[in-house]
1. If only one of ILE264, ILE298, ILE323 is within 16 Å of ligand 2 (Cβ to nearest atom), open to solvent by 40 Å² or more (accessible area, probe 1.4 Å), within 17 Å of VAL189 (Cβ to Cβ) and touching a helix residue (DSSP H, G or I) at 6+ places or on another chain (Cβ under 7 Å), which one is it?
2. State whether the residues of the range 93-102 include one that is at pLDDT 85 or above, in contact with a Leu (Cβ under 9 Å, 6 or more places away or on another chain) and charged (D, E, K, R).
3. So, of the residues in the range 213-238 that are within 15 Å of ligand 1 (Cβ to nearest atom) and without any contact (Cβ under 8 Å) to a residue 24 or more places away in the chain, which turns out to be most open to solvent (accessible area, probe 1.4 Å)?
4. Take the range 196-225 and flag every residue that is in a helix (DSSP H, G or I) and away from ligand 2 (no atom under 16 Å from the Cβ).
5. Does ARG269 satisfy the criteria of being within 13 Å of ligand 1 (Cβ to nearest atom) and over 19 Å from GLU307 (Cβ atoms)?
Amino acid sequence: MLVHFVTDSPNKIPAIRAMLEPEHAVRPHVLGAGGAQSLSNGVLVVDADLRQAVPVEHLKTVMRNLQRISEKLFVVQSHLRDMIAQAFALGATAVVSRPREVVAKLEQVELAERAIRAESSDSMSEVANGAEYFTSLFSSIEAGRRITLLDAEQATEEVINGVKRSGLNAWLDDVRRYHEGTFQHCLLVTGVAVAFGLQVRFPDADVKRLGLAATLHDVGKARIPLAILDKPGRLDPAEQEVMNRHPVIGYELLQSIPEFSPEILDGVRHHHEYLDGSGYPDGLKGSEISDLVRLLTISDIFAALVESRPYRPSMPKQDAYKILCDMDGKLEGALVRAFRKVALG
Ligand SMILES: [Fe+2]
Ligand SMILES: [Fe+2]
């Protein structure tokens with residue numbers, strides 16, 4: 001389970017990590033350090049002194065960004081009982097008196113979530129599972145931890161099952177309804193790529209390879225500042241330059257892990273290359289761009305166009321497909337035509 005640990009002191013982070021990892025992925029946020037991202041996955045654990053005005057003010061800002069997280073545990077020491085009301089006023093859904101009790105509480109949350117997932121539709125549970133794997137994949141990378149092929153394969157498997165069972169449209173709708181930002185994008189690209197692989201009747205092993213490349217294609221974004229990644233509206237040239245480093249960053253992150261095959265590394269590094277040589281980072285041309293990358297690039301562009309962002313509605317699929325058709329010379333025409341059923345089906 002992904003745990004967002006919000007604290008007023010970085011000194012509290014090693015203890016919570018020692019307690020919760022490796023079963024849970026701990027993502028620490030120190031109050032006042034900035035970079036509070038809008039998130040909707042995982043559980044929030046707050047351990048801060050609620051008697052102090054400054055952390056409380058910072059906490060209010062953070063809580064606004066995390067209001068879509070359903071479980072919010074606050075650690076309030078038992079001799080500070082009057083702070084319990086303050087915790088609930090700030091949005092706590094439960095209060096524990098010692099950090100140790102967080103472990104038991106998380107177990108309860110996990111059991112309750114499992115029960116809800118078992119009751120909900122198959123597609124929704126796969127979206128939830130897929131999202132959880134994606135979230136922990138990205139938080140591991142942000143925290144500088146090594147990811148494994150198994151982590152990425154599990155995330156991909158959930159998407160393949162979801163798309164096979166419910167179809168791409170249901171997958172796209174569920175993902176856009178419940179997820180935001182880079183997670184939404186990666187879940188969408190993977191869903192689109194898997195549907196594309198199935199449409200062109202790839203054998204299962206090739207659908208998996210394409211899905212895995214899609215899962216990992218933007219891992220480099222985990223190292224791009226959130227101010228750029230989540231900026232509403234257009235990036236300025238300097239910001240764009242930073243953003244355009246993500247394929248190389250992702251490639252370098254995975255290159256040191258022998259489990260990841262050269263074709264996955266190729267997908268991560270080259271998914272922004274165009275057949276006419278106008279892409280980046282290596283300006284590859286024509287036959288230098290592999291088939292897997294060509295499919296991935298089409299899936300990536302389409303998913304980015306139909307993504308929903310807080311500041312703009314998602315583009316209708318017909319309009320997004322038309323943009324792909326107008327990119328003749330950059331994308332392979334025969335593949336774009338084969339993609340028509342995926343995009344409009
Ligand atoms: Fe990308
Ligand atoms: Fe992308």
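The values are calculated or read from the model by the stated rules, or taken from the named source; none is laboratory data. Everything numeric in this text was worked out from a predicted model, so none of it was measured. Here Cβ is always computed from backbone atoms with ideal geometry, including for glycine, and neighbour counts include all displayed protein chains. With ligands, DNA and RNA removed, areas are computed over all heavy atoms of the protein, side chains included. Shrake-Rupley method; radii C 1.70, N 1.55, O 1.52, S 1.80 Å.
1. ILE323
2. yes
3. LEU235
4. Within the range 196-225, GLY197, LEU198, GLN199, ASP204, ALA205, ASP206, VAL207, LYS208, ARG209 qualify.
5. Yes.
Listed here are the residues, each with its yes/no results for (1) open to solvent by 10 Å² or more (accessible area, probe 1.4 Å); (2) part of a helix (DSSP H, G or I); (3) touching a helix residue (DSSP H, G or I) at 6+ places or on another chain (Cβ under 7 Å).
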position	(1), (2), (3)
ALA303	no, yes, yes
ASP319	yes, yes, no
LEU335	yes, yes, yes
ARG340	yes, yes, yes
ALA343	no, yes, yes
